[in-house]
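A quick write-up on the structure given underneath.
Rule-based calculations on the coordinates, nothing more; no lab input. Note that the coordinates shown come from a computational prediction; the quantities given were computed from them, not determined experimentally. When we count neighbours, we look across all protein chains shown, and the Cβ atoms used for this are built from the backbone with ideal geometry, even at glycine.
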Amino acid sequence: MSVNIFRDEMQHAQLFGKPVLTTNWLIPRETVPDGWFCYDMRGTDRDPGAHAELVDYTSFDHSGTVLSPKPLKRPATKVRRIGKGDYFLHGETLDLEGFCEEYGLDLPDNPIKFEMRPASPDEAGLFFALDPAEDEVLGTVGHVRIDFGHDGGEFRHTWWPWGPEGLNTPEFKGELGQVVDQLRRDVLKDLSTMLRWCHLHGGEIAGGSCAQNYGYVVETEQYRYCLRCNPVRGDYQAYLTCFDKSAQKQMFGLTEKGRQQLRDAADPAMPHSYSWYVIEHLNTPELRADHELPLEDAVQLYAGLDCVDKRLGVTKDGIAAVDLAIRMDGREWLPEDWRKLDSFKADPVVAGAVEQLRQTLENQTQEQGAGFTMEGIS
């Protein structure tokens, strides 16, 4: 559990002779104002609840969190021991405004301008590549592709425009910069912070090739930002996809109409339409997408493409989409996401298409001989 330092009261205390606010709960580090300092207190093996050590962050024996307007240890000092007389409670609670009034401090600005929430399961499709028709419907502007470099501490990013250039306005670019700056305070700070963030905040979404992916949503008046986190080394760790809400023709999965369409798509008693798509050269300027293909044409097109990144998938009833075959970074597999999604898991047409893909790719693997790895096929 965490506290909101701009709203919740905390314990008024003194640590190392300096006034501080403390709480038994976590303080999200991204909420700490610039110029202020936040630390964890840690107990001992014998007494985990004791305030024995001051550290930057701890995931075990956490006994409290400290918010201070002054530094309480040197940055290079990993652990500062808390002696018997170093910590004192005044016996009252204060909010941040009251604490600042008590000590003649300026009330700091809240650094969090945009609220972020974990994605719901029915929003999972918004975090992965969509076919061009869905991008048009959803008002996709583009996405930022992000990785933390070899050591996990860098911030490499590339902007990939996706929709009409007219959506990429100066107003959008300005707001996108503010959103990314805020995300770099927490989930996009580095790889270890992303791992910790995802562990604490949930947001698991179906999809991803070799690891659990997590989705988070930032909503502003005009835009929706969908952040997909892939907290593993050796891959891109994040994609931030941006949607212009004013350009959307309808909002898949986010309105009652969209939810009803998804329920209809999952109903085996209703008639359904299927549009098979193939995407090649994903996330490059050479990207090409063919959609509204018959299944047989899609399978043959996909199998015949010789490119590093390609996908074959299906859009059902014009609203639900899922990838059924993926090739990326020298690996090729049939993801099982369709088995987890209500729109597809009981659909015999989709199950038959997966089996057809399986046979086609197994035959192709045998013809290519040793050295080619097929994942997800048993």
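Annotations
- The range 114-254 shape via C-alpha gyration tensor axes, a/c threshold 1.5: prolate
- Percent breakdown of C-alpha pair distances by 5 Å bin, ordered from the shortest bin, for the range 10-102: 3, 14, 26, 28, 19, 8, 2, 0
- Computed lengthening from GLU362 to LEU305, 0.36 nm per intervening residue step minus Cα-Cα distance: 19.0 nm
- Ranked list, fewest to most other Cβ atoms within 10 Å of each Cβ, for THR169, THR31, THR241: THR169, THR31, THR241
- The chain: translational diffusion in µm²/s, Stokes-Einstein, Kirkwood Rh over Cα pairs, 10 °C, 1.306 mPa s: 67
- Distance (nanometres) between label positions extended 7 Å along Cα→Cβ at TYR236 and PHE172: 1.7
- Sorted fewest first by neighbouring Cβ atoms within 10 angstrom, ILE27, ILE82 come out as ILE82, ILE27.
- Using a simple spin-label model with pseudo-atoms 7 Å out from Cα toward Cβ, GLU165 and ASP151 lie 4.0 nm apart.
- Net length available on complete extension from THR93 to MET270 is 57.8 nm, with 0.36 nm assigned per residue and the Cα-Cα distance removed.
- LYS245 paired with GLN212, simple spin-label distance in nm, labels 7 Å along Cα-to-beta-carbon: 3.0
- Label zone of ARG184 (point 7 Å out along Cα→Cβ, amide N under 15 Å): in the range 143-161 this covers 144-149, 153-159.
- Listed residues CYS242, LEU96, GLY174: farthest to the positive end of the dipole of the chain (Cβ charges): LEU96
- Cβ-Cβ distance of LYS73 and ASP342, R₀ of 56 Å, FRET efficiency by 1/(1 + (r/R0)^6): the value works out to about 0.60.
- For the range 1-55, the set of trypsin sites (Lys or Arg not before Pro) satisfying both a DSSP loop assignment and a count of at most 13 other C-beta atoms within 10 Å is given as ARG7, ARG46.
- Using only side-chain charges placed at the Cβ, +1 for Lys and Arg and -1 for Asp and Glu, the dipole size of the chain relative to its Cα centre rounds to 1220 debye.
- Spatially, the range 89-129 and the range 152-210 are offset by 19 Å when compared through their Cα centroids.
- Extension gain from SER2 to ASP106, taking 0.36 nm per residue of separation minus the Cα-Cα distance: 35.0 nm
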